[in-house]
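Encoded as structure tokens, the structure appears first; notes follow it.
What follows draws every value from the coordinates through simple rules; no lab data is involved. Given the structure is predicted, the values throughout are model-derived calculations rather than measurements. Virtual Cβ from ideal backbone geometry, glycine too; neighbours counted across all protein chains shown.
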Amino acid sequence: QKEVEQNSGPLSVPEGAIASLNCTYSDRGSQSFFWYRQYSGKSPELIMFIYSNGDKEDGRFTAQLNKASQYVSLLIRDSQPSDSATYLCAVSSSASKIIFGSGTRLSIRP
Amino acid sequence: GAVVSQHPSWVICKSGTSVKIECRSLDFQATTMFWYRQFPKKSLMLMATSNEGSKATYEQGVEKDKFLINHASLTLSTLTVTSAHPEDSSFYICSAPDHQGPDTQYFGPGTRLTVL
């Protein structure tokens with residue numbers, strides 16, 4: 001079983017709509033959860049991090065965490081073509097070691 | 001936010017040669033840095049944890065004699081790929097924890113290694 005699982009996509013969303021990205025993890029001891037955005041040929045860029053159950057909003061982005069279900073999600077409101085990228089879910093249990101999911105490719109169509 | 005740089009951004013070398021990649025934290029000190037490798041359309045795989053002043057900690061399956069890591073100062077870690085082969089061709093990325101939290105990391109821009 002993979003430690004962090006994501007649907008590889010591609011997920012196609014019309015411009016202006018809400019994009020919903022999902023992630024599940026296997027280690028119940030995980031404490032920190034991250035969403036990174038990665039453009040092709042570039043390194044990952046941190047978008048959001050969340051530590052507590054519930055929602056965390058930052059601009060057009062909302063991260064949601066449900067530790068009981070071992071589920072993390074990222075919502076992108078008012079999707080823009082520039083949001084087209086691969087989104088990596090990452091989880092950390094201890095010692096700053098971060099485990100990445102395989103990523104979901106998001107495509108925003110004009 | 002914190003800035004991490006890598007050099008070179010890309011390198012092409014012949015099979016059997018060694019390649020050194022530098023990772024620098026530009027505006028903060030990093031006692032720990034992490035080295036990842038990413039193959040095309042795959043996720044980041046942690047290779048090793050670089051510790052300032054001590055030996056690196058390697059993940060299972062990563063050859064420590066092939067991937068030499070040196071963390072000589074609080075702002076510099078180097079990864080040397082020794083006797084590189086075509087299967088070592090990959091995107092190598094370093095990261096360092098930032099002040100936002102012990103688990104929050106900022107990534108360098110990556111180094112594209114191509115071994116002919």
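Picking from B:Cys23, B:Cys13, B:Cys94, which is most flexible by a Gaussian network model of chain B using Cα springs under 10 Å? For chain B, modelled as a Gaussian network with Cα springs under 10 Å, the answer is B:Cys13. Each residue, A:Asn53 and A:Leu75, gets one label point 7 Å from its Cα in the Cβ direction; the gap between the two is 1.9 nm. Among the GluC sites (Glu not before Pro) found in region A:1-103, those both in a DSSP coil and sparsely packed, with 13 or fewer other Cβ atoms within 10 Å of their Cβ, are A:Glu15. Backbone amide hydrogens, once placed in the peptide plane, bring B:Ala48 within less than 5 Å of B:Trp35, B:Glu59, excluding anything fewer than 5 places away on its chain.
Are any of the pairs A:Lys67/B:Lys66; A:Lys67/B:Lys64; A:Lys67/A:Lys97; B:Lys42/B:Lys66; B:Lys42/B:Lys64 more than 30 Å apart by Cα-Cα distance, and if so, which? Where the Cα-Cα span goes over 30 Å, the pairs concerned are A:Lys67/B:Lys66; A:Lys67/B:Lys64. For chain A, pairs of C-alpha atoms spaced more than 22 angstrom apart make up 26 percent of the total. Looking at region A:12-110, which chymotrypsin sites (Phe, Trp or Tyr not before Pro) are DSSP coil and have at most 15 other C-beta atoms within 10 Å of their C-beta? Passing sites in region A:12-110 are A:Tyr39, A:Tyr51. Overall, the ratio between the Cα radius of gyration of the protein assembly as shown and 2.2 N^0.38 Å, rounded to two decimals, is 1.02. Around A:Leu11, what is the net charge, scoring Lys/Arg as +1 and Asp/Glu as -1 over all other residues with Cβ under 12 Å from its Cβ? Spelling it out: positives minus negatives among the neighbours equals +1. Largest GNM mean-square fluctuation among A:Ser32, A:Ser84, A:Ser69, using chain A with Cα springs under 10 Å: A:Ser69. Taking 4.7 Å between C-beta atoms as the pairing limit, chain B has these partnerless cysteines: B:Cys13. Using the Cβ-Cβ distance between B:Ser15 and B:Lys64 with R0 set to 22 Å, the FRET efficiency works out to roughly 0.60.
What is the order of B:Trp35, B:Trp10, fewest Cβ neighbours within 10 Å to most?
Least to most surrounded, the residues fall as B:Trp10, B:Trp35.
For chain B, the average shadow cast by the Cα convex hull is 6.8 nm², which is a quarter of the hull's surface. Which of the trypsin sites (Lys or Arg not before Pro) found in region A:24-107 are loop residues per DSSP with 12 or fewer other Cβ atoms within 10 Å of their Cβ? Counting only loop positions with at most 12 other Cβ atoms within 10 Å, the trypsin sites (Lys or Arg not before Pro) in region A:24-107 are A:Arg28.
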